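The values are calculated or read from the model by the stated rules, or taken from the named source; none is laboratory data. Computed from a prediction, not measured in an experiment: that's the story for all the values here. Cβ: placed from backbone, ideal geometry, glycine included. Neighbour counts: every protein chain shown. Heavy atoms of the whole protein, side chains included, go into the accessibility calculation; ligands, DNA and RNA do not. Shrake-Rupley method; radii C 1.70, N 1.55, O 1.52, S 1.80 Å.
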Amino acid sequence: TTSDPIVIFNHSIDISVGQLTQFLGYINILIWPMIALGQIVTMIARARGSLKRISNFLDAEEDIKNPENAVVLKNVKGEIEFKHLTFKYPEASIDYLKDISLKINPGENVGIIGKIGCGKTTLANSLLRLYNVNEGSIFIDGVDIMHADLASLRDAISYAPQDNFLFSDEMGNNIAFSSDNKDMDL
């Protein structure tokens, strides 16, 4: 049967009910793929931005690196000496630690106390060489830490940082996190 034409926006369209149903069916079939395509384009744009930030981070030059002909620390006895250590954070205008001189003999226990922000953590981080310090200012067993191999230096020191962080995992795995050879029987 013929029906009256459909008028949309002042345009007369001569279409049957079957043709209209068929058209709406095709539209319904195409909607989801178009939405999915839009989501994929959005994800690709976000991934490009993330990749750029990650690449910039990975391509950044390291500030703390092993010196040429680094001295590997072996059988560390534990003599630590600070000689006139003065430290300033990168891009800071003032010295944070000034003329620190201290000698700690092997087996000696030393407590470093002071107000918040006085430099206790900075002193410990300097010993671990988390920051570069002036040559000739920190020694372990007579070796300037600026000439020491970073891995052997950090392996020789036990350190409990102030920052609390646990992975959502078993306690043993949290304790053995940085160890390549995890012997859980200890």
- [ ] Within segment 74-83, identify whether any single residue is open to solvent by 60 Å² or more (accessible area, probe 1.4 Å), outside any loop (DSSP other than H, G, I, E, B), over 30 Å from Met146 (Cα atoms) and touching a residue at least 12 places away in the same chain (Cβ under 8 Å), and answer yes or no.
- [x] no
TODO: Look at Asn56 and say whether it is under 23 Å from the mean Cα position of the chain (by Cα), open to solvent by 70 Å² or more (accessible area, probe 1.4 Å) and in contact (Cβ under 8 Å) with a residue 12 or more places away in the chain.
DONE: no
Task: segment 140-161, subset within 14 Å of Ala70 (Cβ to Cβ) and of a type outside the set (A, V, I, L, M), residue most open to solvent (accessible area, probe 1.4 Å) - done: Asp155
